[in-house]
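Take a look at the structure below.
The values are calculated or read from the model by the stated rules, or taken from the named source; none is laboratory data. Just so we're clear, the structure is a prediction, and the values are computed from it rather than from any experiment. Because the Cβ atoms are built from the backbone with ideal geometry, glycine has one as well, and the counts that use them run over all protein chains shown. For accessibility, only protein heavy atoms count, side chains too; no ligands or nucleic acids. Shrake-Rupley method; radii C 1.70, N 1.55, O 1.52, S 1.80 Å.
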Amino acid sequence: MKLSRLIIAAVLLAGLSAGLWWSNKKEDEKAKNPAADTTTKILALNEGTIMGLEIKKRSGEDTVLSKSGSGVWSITAPKPLPADQSAVAGITGAANNLAADRTIDDNVTDLASYGLAPAADEVIFKLKDGKTKTLLIGDSNPTGNDVYAKLADDKHLYTMASSSKNSFDKESKDLRDKRLLTFDQEKATRVELNAKKESIEFGRINQTDWQILKPKPLRADGFAVEELVRKLKEANMDTSLSAEDAKKAASAFATATPVATVKVTDPGGTQSIEIRKVKNKDADDYYAKSSVVDGVYKVSKDLGTGVDKGLDDFRNKKIFDFGFSDPTRIDFKDGTRSASYQKSGDKWTSNGKTMESSTVQALVDKLRDLSAVKFVEGGFGVAQVEIAVISVDGKRTERVYIAPGTDGKFIAKREGEAAMYEIEGNTIAELRGVAADVKEEASKPAPAKKK
């Protein structure tokens, strides 16, 4: 009896093992040979072979585009215009993998019943080999979720998602380059801003740093200048305006209040934009005229307020420039008390004594964050605090003098510069307190003697 049970168990085990082996084998085969995509494709064009596009609309202007030998798209009709390359890529990308939801008829004859004669959109793709493919897009189906579509040279009638229609339902205003300025942001070398009755000129020092050149050489807030450049780069026209609204915009610009004129120079030349404002009861409207494109266009409030700035908005209020380049030496003199701290590796020393690093770091942080509340033209008296910060491996030395001002405030001056910075009194009090708290590292207790 026991033997028979053993034999049955062995047979069952063998069967389970064989089943597991077969299952694993099938899974491996599936992984090596994934199931073919059975989705019906209306279009599957290679994007690289599309050299021209024509979009004919049942109502509205027809739009024609062509691609140059270098791969750049441009609009040729209804009038020549630069094209938005990413917008055109949206069309060619959709044509690369346009799937049908359902096949409605294998041999459709009554195209008009589906809004295909004439089509709502007739999109003609001109291919590199000289051939063309024409996509016809019709009306929505009864549910409103899909639209009817077919190829001009194919009898099959399909439905496709309404979102797919949106990829092709474009006009010239949707596909044109909407940028008002086309300069290279990374290579811009000079910016001239005329606003608030001031003329300011900035020059790029390196990738992130700028210098104020006019009205006189001053330290610039690199982030503020970069933000100005970014807003100019992203200045786009509002193409949703009707022809009548466009005429109104031109009329409004003629009588609007000037806000700013900006010029940007890169290796390709200088481009300019003039921005004006129309005051309204609810919100102000801004209009722009660019040297790059013809016409007057409505622009965002963000751009309008972004250029409506004066000199002080772009000046660097930080007292020190060392930023995140940790100093290698700090000299701090406050009245009769003076100290000098040198860094070697991760240790700070003073007069040969090792200092508690956290207390020196607290001083570094205070100096890094030391900022003015505003700029002043005079009032600097006798300095009470003198600070020198050496950074960038000894290549940069910044020396600052701080003197009492009025109303409990202080005035700071950087060595070699005429600019004066007003600082809050409590800020200087905190700085003095942190400097006074720098202390020597506690000595380690001697190891206990063995008994």
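Can you list the HN-Hα couplings for region 69-79, worked out from phi with the Karplus curve (6.51, -1.76, 1.60; θ = phi - 60°), rounded to whole Hz and with x for Gly and Pro?
x, 8, x, 9, 7, 9, 8, 10, 8, x, 8
Could you grab the Rg to Rh ratio for region 340-451? Cα atoms only, Kirkwood for Rh. Mind showing how you got there, number by number?
Numbers: Rg = 17.8 Å, Rh = 16.0 Å.
Reported Rg/Rh (Cα atoms, Kirkwood Rh): 1.12.
Cα extents of the chain along the three principal axes, largest first, in whole Å?
Each principal axis gives a Cα extent; for the chain these are 103, 100, 44 Å.
Each label point is 7 Å from the Cα along the Cα-to-Cβ direction; what then is the distance between the points at LYS279 and ALA87, in nm?
The two pseudo-label positions are separated by 3.5 nm.
Cα axis of helix 425-436 to longest principal axis of the chain: angle in degrees, 0 to 90, nearest 10?
70
When the helices in the chain are scored as -39500 (n - 2.57) per DSSP H run of 4 or longer and the sum is shared across all residues, what 222 nm value do you end up with, to the nearest 500 deg cm²/dmol?
Numbers: 9 runs with 111 residues, N = 451.
When only DSSP H runs of four or more count, the value is -7500 deg cm²/dmol.
Find the percent of Cα-Cα distances in region 95-161 that exceed 14 Å, and round it to a whole number. Don't skip to the end; give the middle numbers.
Numbers: 1238 of 2211 pairs.
Roughly 56 percent, rounded to a whole number.
If we sort 254-263, 133-142 on the protection proxy, mean other Cβ atoms within 10 Å, highest first, what's the order? Could you put the intermediate results ahead of the total?
Details: 254-263: 16.0, 133-142: 18.2.
Sorting 254-263, 133-142 by mean packing, highest first, produces 133-142, 254-263.
Using only Cα atoms, tell me the angle between helix 243-255 and the longest principal axis of the chain; keep it within 0 to 90° and round to the nearest 10.
20
With unit charges on the beta carbon (Lys/Arg positive, Asp/Glu negative), name the residue among LEU116, LEU193, ALA403 whose Cα is farthest towards the positive pole of the charge dipole of the chain.
Positive-most Cα among the choices belongs to ALA403.
With all protein chains present, how much of the accessible area of the chain (probe radius 1.4 Å) comes from carbon and sulfur, to the nearest whole percent?
Values: 12870 of 25510 Å².
After summing per-atom areas, the C and S share lands at 50 percent.
Expressed in nm², what is the orientationally averaged projection area of the convex hull enclosing the Cα positions of region 101-255? Walk me through the intermediate numbers first.
Details: hull surface 63.7 nm².
If I average the Cα hull's projected area over directions, I get 15.9 nm².
If the only charges are +1 at each Lys and Arg Cβ and -1 at each Asp and Glu Cβ, what is the size of the charge dipole of the chain around the Cα centre, to the nearest 20 debye?
Working: 71 positive and 68 negative charges, 321 e Å.
Charge dipole of the chain: 1540 debye, to the nearest 20.
Per the Kirkwood definition applied to all pairs of different Cα atoms, how many angstroms is the hydrodynamic radius of region 285-366? Spell out each step's value before the answer.
Details: mean 1/r = 0.0572 Å⁻¹.
When all Cα pairs of region 285-366 are included, the Kirkwood radius is 17.5 Å.
Report THR336's accessible area, 1.4 Å probe, all protein chains in place, as a number in Å² to the nearest 10.
Result for THR336: roughly 150 Å² accessible.
Quick check: convex hull of the Cα atoms in region 176-313, volume per residue, rounded to a whole Å³?
Numbers: hull volume 15.1 nm³, N = 138.
Dividing the Cα hull volume of region 176-313 by its residue count gives 109 Å³.
Kindly report, to the nearest 10 Å², the accessible surface of MET51 as traced by a 1.4 Å probe over protein heavy atoms only.
Counting only protein heavy atoms, MET51 exposes about 60 Å² to solvent.
Using only Cα atoms, tell me the angle between helix 222-233 and the longest principal axis of the chain; keep it within 0 to 90° and round to the nearest 10.
Here the helix axis deviates by roughly 30 degrees.
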